[in-house]
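The values are calculated or read from the model by the stated rules, or taken from the named source; none is laboratory data. The shown structure was predicted, so the numbers you read here are calculated from the model rather than taken from an experiment. We place every Cβ from the backbone using ideal geometry, glycine too, and count neighbours over all the protein chains shown.
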């Protein structure tokens, strides 16, 4: 009881110290907010709740912000007042503080007019609003009384009945109208209806038509508080707005600058349906065949026009695109189209310096030196050559000294079209691409081994819409060769009898196609719910393995003397985001990944296996330290080896749930729970409990934790602290360790808390 008494006294003193009204001058009152009351008895309870909520958001000014009833920003402002125009005190006062909002600054009449107008725009034509203030000591609030009156609803909607082309076209859109008989009058919906009609007409050639050419007239004298709405084209609408325009000629200027004034049409080079004006021959005319979506003789279509502009930008060599339509014949509706493209620098050199820290105590850095040519073969081809080197140094723990160094080169070429015997075209805003990538990486783990890794791929990427993307690699080739393995590492393999150690240095040769599909609408922040899905299927050595009859261990097939891997690999990742408020959300992720080795392979190649744990996975465990299954390297075998292997598996299940509230300023919080594990498809005697079986659910690892995110606009700096709550490697009956949590114990904290520092959200 004494403890609670002291806590109460401390809180009371703190609240008293944070009192902000004592700084007010005599006669001043602090504005504490507004209350909206519906005085109309005929308004239903649900309707009143909706109206008061909407009306409260229109009122100005806003009262001083508070946290748990404490006006912290106002307190900071009052305590840091200064006459100086610079310095730390001035910065805190102006950036972290907030001046008092006084009741004298509230304009009751203006707010009442705003409320009344909004209600009338929403069908309450007889609405009345008035305001008053109520004061107490040094605070005051505003109270607004609203008499809504009856709401007016549509009895019928009448579209144009005239016979000219524009009237007929507008009437043809009526099936999708936003105005419905029985609905309540709403000015915002009327405005959206005009925009909807304009969008449809722009698809049908009405280039000069505008939403303002349409007038909505209504008759509110109908009995029973009903309205007859009449949709009509204004009499003053010009003839040009009534015409359907077609395309005559198309001109592309790929080397345009603001200094150019002459159109130079005499130097135009015709390519199929468009003309290119490029006297310097900076780019070949065929480059634009996937960008110019309008054709001579086509009726103007705004979607195809906008998609063309987007495709010009997607080509890569251009930093600005300007467009012009010219009405060329006064007696008939024809237009010439001009695309003016301003090129950016063709070649560039970029240096990136990256820093990172992993939950396995690695502190890493990487330097990338990238050269780019955005118009390599004068067809908007992007050639990229990247040289990189990285270091991952591990301090402390049992892995001291076994640092990882990587050096590599990665050339690639991207063509803004499909290079194939088939004519594949799309008509949306995104250009399909053919991509060739190659690379070599030298991986050196000090005192242990050195690996040579070669990779190459040839494939296609295309987007049927903003939310969907397909990637098809016809050939994805990887070869990993162990160039040097130390005696220390070989002795550790013998000592621990852990196949995972030997699997790291096995030569690996994979080749075959892969296909991935991506759907996401996470860029649309206005949605309450957002989804993300990525699915991928990868194959290796399938057809060649069938032809050669590969069947390990009886018949091992080789290419150039090297055994190749055979497998089918399926990956699935689902994400779901739900807004719980304007500044908070719940994020969830589910990953289901399966690798099926067969024929020439009994286990997935190490580069294709799955791992779990770490800052973007199960954050209460060290990276790659979980599993497979219930397997845990016995302590007796750990002795004599100074490093831990990266545990890997053929199957992976993982689920994550995270609550993300915004705390204040740039600081966001997080509460999370992670669960999952990896398994081998086939068990072995050296890793008991590692195989996937019917009891897999009892081998799920889980953790919980909390974190902070610092939203710096250009990046998200993330800190997470996690701790295990289920450890499947412990003996049966001891897996659940949530009851052992003891934050007050330094021993428990040292053995269980895992700190993660990372860039960006985990998912």
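If the condition is being in contact with a helix residue (DSSP H, G or I) (Cβ under 6 Å, 6 or more places away or on another chain) and surrounded by fewer than 20 Cβ atoms within 10 Å (Cβ to Cβ), then region 586-622 contributes only 606.
This table checks each residue for (1) modelled with pLDDT of 95 or more; (2) within 15 Å of residue 341 (Cα to Cα); (3) part of a loop (DSSP other than H, G, I, E, B).
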{"residue": "212", "(1), (2), (3)": "yes, no, no"}
{"residue": "220", "(1), (2), (3)": "no, no, no"}
{"residue": "230", "(1), (2), (3)": "yes, no, no"}
{"residue": "251", "(1), (2), (3)": "yes, yes, no"}
{"residue": "270", "(1), (2), (3)": "yes, no, no"}
{"residue": "275", "(1), (2), (3)": "yes, yes, no"}
{"residue": "295", "(1), (2), (3)": "yes, no, yes"}
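Do we find that residue 723 is surrounded by 14 or more Cβ atoms within 10 Å (Cβ to Cβ), touching a helix residue (DSSP H, G or I) at 6+ places or on another chain (Cβ under 6 Å) and more than 30 Å from residue 605 (Cβ to Cβ) in this structure? It is true that residue 723 is surrounded by 14 or more Cβ atoms within 10 Å (Cβ to Cβ), touching a helix residue (DSSP H, G or I) at 6+ places or on another chain (Cβ under 6 Å) and more than 30 Å from residue 605 (Cβ to Cβ).
Quick grid of which residues meet (1) in contact with a strand residue (DSSP E or B) (Cβ under 9 Å, 6 or more places away or on another chain); (2) more than 23 Å from residue 174 (Cα to Cα); (3) in the same structural domain as residue 320 (by TED's automatic domain parsing); (4) touching a residue at least 40 places away in the same chain (Cβ under 8 Å):
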position	(1), (2), (3), (4)
214	yes, no, no, yes
217	yes, no, no, no
236	no, no, no, no
250	yes, yes, yes, yes
253	yes, yes, yes, yes
257	yes, yes, yes, yes
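Among the residues in region 560-577, are any crowded, with 16+ Cβ neighbours inside 10 Å, in a strand (DSSP E or B), in contact with a strand residue (DSSP E or B) (Cβ under 8 Å, 6 or more places away or on another chain) and at pLDDT below 90? Within region 560-577 (the criterion being crowded, with 16+ Cβ neighbours inside 10 Å, in a strand (DSSP E or B), in contact with a strand residue (DSSP E or B) (Cβ under 8 Å, 6 or more places away or on another chain) and at pLDDT below 90), the answer is yes, since at least one residue qualifies. Restricting the search to region 144-169, which residues are in contact with a strand residue (DSSP E or B) (Cβ under 8 Å, 6 or more places away or on another chain) and in a helix (DSSP H, G or I)? Scanning region 144-169 gives 166, 167.
Here are some residues: 456, 500, 483. Which one is under 39 Å from the mean Cα position of the chain (by Cα) and modelled with pLDDT under 95? Explain how you work it out, then say what you get.
Values: 456 fails: modelled with pLDDT under 95; 483 fails: under 39 Å from the mean Cα position of the chain (by Cα).
Step by step, each of 456, 500, 483 is checked, and only 500 is under 39 Å from the mean Cα position of the chain (by Cα) and modelled with pLDDT under 95.
Of the set (1) without any contact (Cβ under 8 Å) to a residue 40 or more places away in the chain; (2) closer than 30 Å to residue 410 by Cβ, all apply to residue 330 but (2).
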